[in-house]
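Colleague: Right, I'll just put the structure down here and ask away after.
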Protein chains: 2
Amino acid sequence: MQYPKPITKLIESFSKLPGVGHKTAERLAFYVISDMNDDEATKFARALIDAKRALFECETCAFVTDSNPCSICADGGRDVTMIAVVESSKDVLSLEKMRSFHGRYHVLGGVLSPLDGIGPEDIGIAPLIERLKNEEVTEVILALGATLEGDATSQYLARLLKGTGVRITRIARGLEMGRSIDYADEVTLIRALEGRVEL
Amino acid sequence: MQYPKPITKLIESFSKLPGVGHKTAERLAFYVISDMNDDEATKFARALIDAKRALFECETCAFVTDSNPCSICADGGRDVTMIAVVESSKDVLSLEKMRSFHGRYHVLGGVLSPLDGIGPEDIGIAPLIERLKNEEVTEVILALGATLEGDATSQYLARLLKGTGVRITRIARGLEMGRSIDYADEVTLIRALEGRVEL
């Protein structure tokens, strides 16, 4: 017996999401079909479309946004002398939630990973250097995950920015090895930020 | 810092899915935003809309379908003397996957649950009785989950159908207690079907 086509297609779409296997995709699809009302399903579909249409990267910091500059770069109350360098937009949100960093961000959009062919020119390093020339930044806080690639990227950036006169720090190893920023709890993130060390 | 609205809405939609908490919803939303291409996102949205628009319940067996009668009821090669009674459309698919039952189905759309206010008139019992009058059914196999509610529903149906001359069986307890049909492995399902007992 074949599933009716609309079911197959919905299962396929759910299967594409990270961490969703075929069995889970089936359950989610049947939840939509049997338990979600038409209005909710329409809202869901609209949210998917809008997320792709209305969002883009801030021209200054590359954070995902629906306005340019983004709400963080446009916020006059933030400390413009500090930039936290993160891997992804998700990481900005993790750091914002703890409400103890009041500087601005720079989203690299990845970390150096020679095995995957990701080099310095593939992530937002050049725009970061440009910002340091044009903005009144006195400290760059490297807030990358405590992974091999995160470490390599931090070391690379520390060497690269050494001559600029800007203070380069890295958030402390409150992060367990292998943990990404995105999954760390808020207390760990606060301690890591407080314990940042000179590189 | 507030998320841009399109992100909030997408996270809200993902949060409505079963087993998806806020953190997972954030991850899924950012996956859509950062890693899914426009075409995939559009397909996903379309699949959601189509699943609600194009699917309905088969008038005979209540299985979710995009044609009436459904492909199973319309299949002349199936044994019309046997009906397997299941709780939901998902259960039909689980049973179909093992390819060893060749009868037809009847989807109740729920099981008796007095605490939740679900009585005999709230699930597809009347249509089942109607089918037994009009079709050449000689055996009804109760294939409900091995839960308290599933058991109560099986007992209720066994009593109700006793006078009809139709053989009433229940799939054997190959299912562990508390396990729903949907999550059982295929071997367990096959054994349960083979070991069905007279009620």
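Colleague: Can you tell me which residue in region B:21-32 is farthest from the chain's Cα centre (by Cα), limited to those that are surrounded by fewer than 21 Cβ atoms within 10 Å (Cβ to Cβ) and not charged (D, E, K, R)?
Modeller: Within region B:21-32, the match that is farthest from the chain's Cα centre (by Cα) is B:Y31.
Colleague: I need a count of the residues in region B:78-129 that are among the small types (G, A, S) and without any contact (Cβ under 8 Å) to a residue 24 or more places away in the chain. Outline the logic, then answer.
Modeller: First pass over region B:78-129, keeping only residues among the small types (G, A, S): B:84, B:88-89, B:94, B:100, B:103, B:109-110, B:113, B:117, B:119, B:124, B:126.
From what is left, the residues that are without any contact (Cβ under 8 Å) to a residue 24 or more places away in the chain are B:110, B:117, B:119, B:126.
Number of matching residues: 4.
Colleague: If you don't mind, there's one more thing I want to ask. So, in region A:8-23, exactly how many residues are farther than 19 Å from B:E12 by Cα, in a helix (DSSP H, G or I) and more than 7 Å from every other protein chain (Cβ to nearest Cβ)?
Modeller: So the count comes out to 6.
Colleague: Considering only region B:68-90, state which residues are buried (at least 16 other Cβ atoms within 10 Å of the Cβ), at pLDDT 90 or above and not polar (S, T, N, Q).
Modeller: B:C70, B:I72, B:C73, B:R78, B:M82, B:I83, B:A84, B:V85, B:V86, B:E87 - these are the residues of region B:68-90 that are buried (at least 16 other Cβ atoms within 10 Å of the Cβ), at pLDDT 90 or above and not polar (S, T, N, Q).
Colleague: Could you grab the pairs with beta carbons closer than 8 Å, sequence gap of 6+ or different chains, first residue in region B:17-42 and on the phi > 0 side of the Ramachandran plot, second one in a helix (DSSP H, G or I) and charged (D, E, K, R)?
Modeller: Partner pairs satisfying both residue conditions: B:G19/A:R27.
Colleague: Among the residues of region B:123-151, which ones are out of contact with any strand residue (DSSP E or B) (no Cβ under 8 Å at 6 or more places or on another chain) and surrounded by 15 or more Cβ atoms within 10 Å (Cβ to Cβ)?
Modeller: Those that are out of contact with any strand residue (DSSP E or B) (no Cβ under 8 Å at 6 or more places or on another chain) and surrounded by 15 or more Cβ atoms within 10 Å (Cβ to Cβ): B:I123, B:I125, B:G145, B:A146, B:T147, B:G150, B:D151.
Colleague: Is there a residue being among the aromatic types (F, W, Y) and surrounded by fewer than 22 Cβ atoms within 10 Å (Cβ to Cβ) anywhere in region B:2-16?
Modeller: Within region B:2-16, one or more residues are among the aromatic types (F, W, Y) and surrounded by fewer than 22 Cβ atoms within 10 Å (Cβ to Cβ).
Colleague: For region B:42-67, give me each residue that is small (G, A, S), surrounded by fewer than 21 Cβ atoms within 10 Å (Cβ to Cβ) and within 20 Å of A:S13 (Cβ to Cβ).
Modeller: B:A54 - this is the single residue of region B:42-67 that is small (G, A, S), surrounded by fewer than 21 Cβ atoms within 10 Å (Cβ to Cβ) and within 20 Å of A:S13 (Cβ to Cβ).
Colleague: What's the number of the condition A:I125 fails, among (1) under 26 Å from A:G77 (Cβ atoms); (2) at pLDDT 95 or above?
Modeller: (1)
The values are calculated or read from the model by the stated rules, or taken from the named source; none is laboratory data. Just so we're clear, the structure is a prediction, and the values are computed from it rather than from any experiment. No Cβ is skipped: glycine too gets one built from the backbone with ideal geometry, and neighbour counts run over all protein chains shown.
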